[in-house]
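Structure, as structure tokens:
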Amino acid sequence: MSSFQLKRLGQIMEPEKGNPMEVEGVLNPAAVRGPDGKLYLFPRLVAKGNYSRIGIARVLFNEAGDPYGVERLGVALEPEAEYELRGDGTGGCEDPRITYMEKYNNYLMTYTAFTQIGPRIALAISDDLFHWKRLGLATFEPYRGIDFVNVDNKDACLFPVAIPNHAGKMQLAILHRPLFPGTRPEETANKDGSRVVDLDRESIWISYCPMELKGFKLDHLGLFNSHHRLASPVSPWEWLKIGGGTPPVLTRFGWLIFYHGVHNTPKPGSYELHLSYSAGIMVLSKEHPQVIRYRSTKPVLTPLLPQERGGTVPNVVFPTGIDRRDDIDMPDRFDVYFGMADSRIGAARFNLPDLLPQEGVADLPQAKI
């Protein structure tokens, strides 16, 4: 395990008995402080048939300042737009991430819309966290023969401030992981022995949308037309797939993100393998976030607890929400909220160390692992 460590704080949310909106799980929440300073989760609520809504819940804390439960407050988004529905009556609004854009005093949500042609990145905006206006699907310009338009895409999150692109122009930046055919973990797991990693199609990307620093309005986003490959599978714990996790938060070391990696592990008492989702850490340069300053060589959180090893999708810890604990005067403490086996939600504590660990490796432009 890395010297960067997470300490579990426990399960804080599970499906509510008798609630049809949650019969197949509550998972993968966004986490953000509201205008009132309280912490809110936006979990994915899964009804029968994998029909997903995005809920709202207020986090409850004990005297020690640790989260221990939630108060349900309703639904933020449910499938209504054409791009959230499918012809067979299914659909979904899934796996949100929320970023507070302080310059504009607005919250931007990225989420997965379960469209008729597959999952796509959708956006919504709010000024109070309770009323959301859809902005539509994120649009991407192709890049050097890579088609970001006609491909599934998930696990997107935004930077909270303007970020310089490769040309140094300040723009709105998004992290995303396109799911090109053949790059899902179920598909890469079937490739025997060492495999060639397609660096363009198996990576987390950072893309940029032009924005005017004066007079820019967040109720309309333009085209993400500048792209840079950020990170590809490198370490054994992520060799089947890597993808996004928590939105970037700025620390004294740079932009901190938790991300997910997938690998195969043996089933107990069997030669058969199963997929295992773990969490790692990246630290990106503050000035140039395309540069990785630190990256986990080993996971910081792996499926260990019964709630993480058994559920709708077994052997999953999936970080999606992060909260810096300024509320208790601990700016070096970060609480991470994560999905447990696609069924429940857990929380863990991370304390920023005094020094950036030296054992981490940046992404290497290697093609074989």
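The values are calculated or read from the model by the stated rules, or taken from the named source; none is laboratory data. Note that the coordinates shown come from a computational prediction; the quantities given were computed from them, not determined experimentally. With ideal geometry, Cβ positions are generated from the backbone for all residues, glycine too; neighbour counts draw on all protein chains shown.
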Report task. Filter the stretch 309-356 down to the residues that are of a type in the set (A, V, I, L, M), over 15 Å from Tyr40 (Cα atoms) and assigned to a strand (DSSP E or B), then identify the one that is farthest from the chain's Cα centre (by Cα). Result -> Met330
Requested in this report: Looking at (1) surrounded by 15 or more Cβ atoms within 10 Å (Cβ to Cβ); (2) assigned to a strand (DSSP E or B); (3) touching a Pro at 6+ places or on another chain (Cβ under 9 Å); (4) at pLDDT 95 or above, find the lone condition where Pro303 falls short.
Outcome: (2)
Report task. Consider His274 carefully, then state whether it is assigned to a strand (DSSP E or B), surrounded by fewer than 17 Cβ atoms within 10 Å (Cβ to Cβ) and of a type outside the set (Val, Ile, Thr). Result -> yes
Query raised in the report: Can you tell me which of Glu24, Glu16, Glu71 is in contact with a Pro (Cβ under 9 Å, 6 or more places away or on another chain) and modelled with pLDDT of 95 or more?
Result: Glu24
Requested in this report: With the condition kept exactly as written, say whether any residue in the stretch 60-80 is of a type in the set (Ser, Thr, Tyr) and within 15 Å of Leu129 (Cα to Cα).
Outcome: no
Report task. Restrict the check to the stretch 252-265 and report whether at least one residue is touching a residue at least 60 places away in the same chain (Cβ under 8 Å), closer than 20 Å to Leu230 by Cα, of a type outside the set (A, V, I, L, M, F, W, C) and not in a strand (DSSP E or B). Result -> no
Report task. Could you grab me the full set of residues in the stretch 127-163 that are touching an Asp or Glu at 6+ places or on another chain (Cβ under 8 Å), part of a strand (DSSP E or B) and on the phi < 0 side of the Ramachandran plot? Result -> Lys133, Leu135, Ile146, Lys154
**Report entry** Residues located in the stretch 23-50, provided they are in contact with a Gly (Cβ under 6 Å, 6 or more places away or on another chain) and not small (Gly, Ala, Ser)
**Finding:** Leu27, Asn28, Pro29, Tyr40, Pro43, Leu45, Val46
Report task. Identify, by number, the condition in (1) modelled with pLDDT of 95 or more; (2) farther than 28 Å from Gly49 by Cα that Glu287 doesn't meet. Result -> (1)
Report task. Read through the list (1) modelled with pLDDT under 95; (2) under 13 Å from Leu6 (Cβ atoms), then give the number of the only condition that Val313 fails. Result -> (2)
Report summary line: Note on the stretch 277-298: residues of a type outside the set (Lys, Arg) and not in a loop (DSSP other than H, G, I, E, B) are Tyr277, Ser278, Ala279, Gly280, Ile281, Met282, Val283, Leu284, Ile292, Tyr294
**Report entry** Residues within the stretch 144-171 that are closer than 24 Å to Phe114 by Cα and either surrounded by 15 or more Cβ atoms within 10 Å (Cβ to Cβ) or in contact (Cβ under 8 Å) with a residue 60 or more places away in the chain (or both), tallied
**Finding:** 11
Query - Subset of the stretch 192-249 that is more than 22 Å from the chain's Cα centre (by Cα) and not in a loop (DSSP other than H, G, I, E, B) - its residue that is modelled with the lowest pLDDT - result: Val196
Requested in this report: For the stretch 94-111, enumerate the residues that are crowded, with 24+ Cβ neighbours inside 10 Å and farther than 18 Å from Cys209 by Cβ.
Outcome: Glu94, Asp95, Pro96
Report task. Output the residue which, of all residues in the stretch 75-87 that are surrounded by fewer than 16 Cβ atoms within 10 Å (Cβ to Cβ) and either touching a helix residue (DSSP H, G or I) at 6+ places or on another chain (Cβ under 7 Å) or farther than 15 Å from Ala47 by Cβ (or both), is modelled with the highest pLDDT. Result -> Glu82
Requested in this report: Within the stretch 163-186, identify whether any single residue is modelled with pLDDT under 95, in contact with a helix residue (DSSP H, G or I) (Cβ under 9 Å, 6 or more places away or on another chain) and more than 15 Å from Leu230 (Cβ to Cβ), and answer yes or no.
Outcome: yes
**Report entry** Criterion (surrounded by fewer than 20 Cβ atoms within 10 Å (Cβ to Cβ), out of contact with any Lys or Arg (no Cβ under 8 Å at 6 or more places or on another chain) and modelled with pLDDT of 95 or more) met by exactly one of Asp354, Asp326
**Finding:** Asp326
Query - Verdict on Ser278 being within 29 Å of Asn165 (Cα to Cα) and hydroxyl-bearing (Ser, Thr, Tyr) - result: no
Report task. Run His131 past the list (1) surrounded by fewer than 18 Cβ atoms within 10 Å (Cβ to Cβ); (2) in contact (Cβ under 8 Å) with a residue 12 or more places away in the chain; (3) not charged (D, E, K, R) and report the number of the one that doesn't hold. Result -> (2)
